[in-house]
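As structure tokens, the structure follows; a few thoughts come after it.
Any read-out appearing in this document is the output of simple, stated calculations on the displayed coordinates, not a laboratory observation. These figures come from a predicted structure and were not determined experimentally. All Cβ positions, glycine included, derive from the backbone under ideal geometry; neighbour counts span all protein chains shown.
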Protein chains: 2
Amino acid sequence: MACAVCPNEIAKSPMKFQSPKGTRDFYPAEMAVRRRIEGAWRDASIAFGYDEIDGPTFEHLELYTAKSGEGIVNELFSFRRAGGSDDYALRPEFTPTLARMAAARAAQLPMPVKWFAIPNFFRAERPQRGRLREFYQWNVDLLGAEGPAIDAEIIGVAIAALARLGLRATDVRVKISHRVAAANVVRALGVADESIAGAFELLDRRDKMAPEEFTKRAAALGLAGDALARFETVVRTRVQITDDIGVLATTAGIAVDSLAELVLLRDALVAAGLSDWCEFDLGIVRGLAYYTGTVFEIHEASGGERAIAGGGRYDGLVELFGGPKTPAIGFGMGDVVLGLVLADRGLLPADGTELLPRPDAFVIATADPAADAELPRLVARLRGEGLHVRHSYKATRNVGKLLADASKQRARFAVLLGAELADGRVMLKDLASGEQRPVALTELPALLRAPA
Amino acid sequence: MACAVCPNEIAKSPMKFQSPKGTRDFYPAEMAVRRRIEGAWRDASIAFGYDEIDGPTFEHLELYTAKSGEGIVNELFSFRRAGGSDDYALRPEFTPTLARMAAARAAQLPMPVKWFAIPNFFRAERPQRGRLREFYQWNVDLLGAEGPAIDAEIIGVAIAALARLGLRATDVRVKISHRVAAANVVRALGVADESIAGAFELLDRRDKMAPEEFTKRAAALGLAGDALARFETVVRTRVQITDDIGVLATTAGIAVDSLAELVLLRDALVAAGLSDWCEFDLGIVRGLAYYTGTVFEIHEASGGERAIAGGGRYDGLVELFGGPKTPAIGFGMGDVVLGLVLADRGLLPADGTELLPRPDAFVIATADPAADAELPRLVARLRGEGLHVRHSYKATRNVGKLLADASKQRARFAVLLGAELADGRVMLKDLASGEQRPVALTELPALLRAPA
């Protein structure tokens, strides 16, 4: 097709284009769902006193290779600028950016720093249920303070957002472990200090390998026979907050003192009113290399989906990026698995358009001669006052059809411009009750703004 | 540094990392400014009845090469997935995504489609004032309807957002041209039909070349001597909405009918109350190849910055992406130049933290024995009610210092937990007036929620 006024000849045949594999087009209904989830994340963050931040969508590749969490490096989308020499990668997670930002302003930032962000992230892996190549994720981090009350606060923010979305403690489980307690357990079972990291790695990957492979690797770490059996028991035991943590110690055959971190955390969770939502699960490892203390994941209660959220304490990371030694804890919660869980529980409308903002008024010009001239003026004036105002783009004068359009677009009121305009008045029709009455043009903004 | 409980040895020397050139770190103050701008964009969009959409952050490279606007193809960040065969590019603009999305659902979408989006975009060009490698941009598009009233509506949305941010008609100019009217002018000046596109391209690039170069190229297109002088005059003449468009025709030595599109547009702009903000300027071309009718740019009034916004009618684009022939108009408004203009006009606070949400309450445990136990419970309960609640992370019991912290964090109220707890009461202190009084714990949420 050649255009009379365009400088370029453009291709003749229409091409079929699709969004890249593992990415999403957000039409209004899908976007409304995304905004609803983001709104709950934002409201929970603000209630807990967190300030929003963001970073670049791509970073220097070295920012991700620095902490050498291998699982992530292989999944990066990386690139260079044509003619440039710097390697960049689309952000696969937020913590490196956050640690870099905290390190860069460590001297000025009043501690504790409480930040949240709702960025998009990118993973070059195979798309599957709950896992896309581009997704949105809420990140909440608290830097510069430590202790069980802080860890409980962070867990509390995550729970607050889930509660705002309609989920209850029976719908999800916050599964909590602690790297120090877990290290004490494996050490007590006979794993040498230098093999503890290997034991965590094995634990994290146990569902991805055959049982014989697992047994073989466990033996190489010093876990065999009775020790391996006790290890298996411990990592499969879920301890409710009201349970006696001593039972877990007995199961593992270790001193209760080894699990002191869990006891402190339990008391903080109880004080913050979170007991119902949480349980201890030493099988939770979190793959990322940088966690140092409390780690947790939030799962749908039946365990049928991937983790809804995951996080933990990473006290070494800000220092790694050039800042001072800074205690830190945080988590990420993605939109994809959460969306699946909410839909499964009937907590999202079947049609997301129900979540779109409702028009305050739908303005209709009747056949009256003055109506056509007044319509654009009135619409512009009402919108200038901040009201959400729509009108028809059809040529029809059929008021019945136009009122049907108004209802279809979920307008609260129809405003009919007709013979009353001569007296400076219009007809105001409440589309829920069907009542209509003449009102002065000057009163209109206040009437449209009144709560339903 | 080696961590006792982590699986990986991590690098010893702290590294200095920076955000990539031409990208930004948004600390809370900067993020609050970005959210303020985005809020004005969103509110204006909704007032005008537009629904929010979004697309992937990267698209197939072919989506951008398809319409062969050369200026943009050279500025793309493009990449492949390791082991993959598809070429992708970070989105440099939104229109191709929008046209693709509209084409994909053309059969189901009720027309007109009114969509807005606030995505980030990427340009691999040299960063300079007003121009970054990653920026945020508001896009507003109306598809499936045409005519001057539609064009005026789109221009009205852009102006509504600027007005919400505090800008007035004296601060900015909406400079409007029309490709049909402009084509009529250059044709009347002697440019052959096949050279009209070349004349637009020359006009768009005239500030980027030496005057001799411009004169030489103009002559090649058939513009020399008196015709060139008239061309220069026409593209430098700014016609106010209240001016007689006939004067421009006389200047160009062409029939007023040639500018009929501008006359219709003027009437629609007047009806929508936009006259003060707009002017006609046939020097506005917009580089992009796909515009077919009205084109416009919004500039700071003195012309000292790059364009705040730009857009126009692109009736051929949805068809290009496989949809039916669909009239369409839209614009983009970036956050970078707009931010500079707002700051220059004093319309942004010197410190963006003033824009952050204010805490409803700052809870303080006094030395009373019951206070420490009650604090986490009360804080959790108030946050559960949706209130924005903070407390100190310091060990201090100095109530004066803690009240100073509460004020510094801009809390509306301080809630002091002390001896009154025995009666189920706390002290509520209004931090603006300094007044304080005992209130029942049960009353607290309602009192904190009351408007200031």
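Here are the numbers for this structure:
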quantity: Span from the region A:383-452 Cα centroid across to the region A:73-121 one, whole angstrom; calculated: 49
quantity: Region A:324-377-region A:213-254 distance, computed between alpha-carbon centres (Å); calculated: 48
quantity: Label spacing, shortest first and in nm, from residue A:354 to its equivalents in the remaining copies (7 angstrom along Cα→Cβ); calculated: 4.3
quantity: Antiparallel DSSP beta bridges within region A:34-344, as percent of all bridges there, nearest 5; calculated: 90
quantity: Gyration tensor (alpha-carbon) shape descriptor, region A:412-452, a/c threshold 1.5; calculated: oblate
quantity: For the protein assembly as shown: span of alpha carbons on each principal axis (Å, largest first); calculated: 98, 63, 49
quantity: Net dipole in debye of the protein assembly as shown [+1 Lys, Arg Cβ; -1 Asp, Glu Cβ; about Cα centre; nearest 20]; calculated: 140
quantity: For B:27-37, mean number of other protein chain Cβ atoms within 10 Å; calculated: 4
quantity: Nm distances between copies for residue B:225, ranked from closest, using label points 7 Å along Cα→Cβ; calculated: 10.9
quantity: Position residue B:243, label points 7 Å along Cα→Cβ, spacing to each other copy in nm (shortest first, one decimal); calculated: 8.1
quantity: Of all DSSP beta bridges in region B:357-449, antiparallel share, percent nearest 5; calculated: 55
quantity: Among A:142, A:327, A:121 - extreme Cα towards positive end, dipole of region A:34-344, charges at beta-carbon; calculated: A:121
quantity: From phi via Karplus (6.51, -1.76, 1.60), per-residue ³J(HN,Hα) for region B:413-427 in Hz, x at Gly/Pro; calculated: 10, 9, 10, 9, 9, x, 4, 5, 4, 4, 9, x, 10, 9, 8
quantity: Around residue B:262: net Lys/Arg minus Asp/Glu count, Cβ-Cβ under 15 Å; calculated: -3
quantity: Among B:122-132, B:174-184, the order from most to least packed when residues are scored by Cβ within 10 Å on average; calculated: B:174-184, B:122-132
quantity: Prolate/oblate/rounded label for region B:357-449 (Cα gyration tensor, a/c 1.5); calculated: rounded
quantity: Cα-only Debye scattering, region B:28-344: base-10 log of I(q)/I(0) at q = 0.12, 0.15 Å⁻¹; calculated: -0.85, -1.33
quantity: Spin-label model distance (nm) - residue B:233 vs residue B:432, 7 Å beyond Cα toward Cβ; calculated: 6.1
quantity: Cα-centre dipole for chain B with unit charges at Cβ (Lys and Arg positive, Asp and Glu negative), debye to 20; calculated: 1460
quantity: Column: log10 I(q)/I(0), Debye, Cα scatterers of region A:270-428, q = 0.09, 0.12, 0.13 Å⁻¹; calculated: -0.60, -0.70, -0.74
quantity: Under 12 Å, Cβ to Cβ, from residue B:449 - net charge with Lys/Arg +1 and Asp/Glu -1; calculated: -2
quantity: Axis-nearest residue of B (beta carbon) for the B-onto-A rotation, whole Å; calculated: B:79, 2
quantity: Sequence of B:277, B:41 once ranked by neighbouring C-beta atoms within 10 Å, starting from the fewest; calculated: B:277, B:41
quantity: For chain B, calculated [θ]222 nm from helices alone, where every DSSP H run of n ≥ 4 adds -39500 (n - 2.57); calculated: -10500 deg cm²/dmol
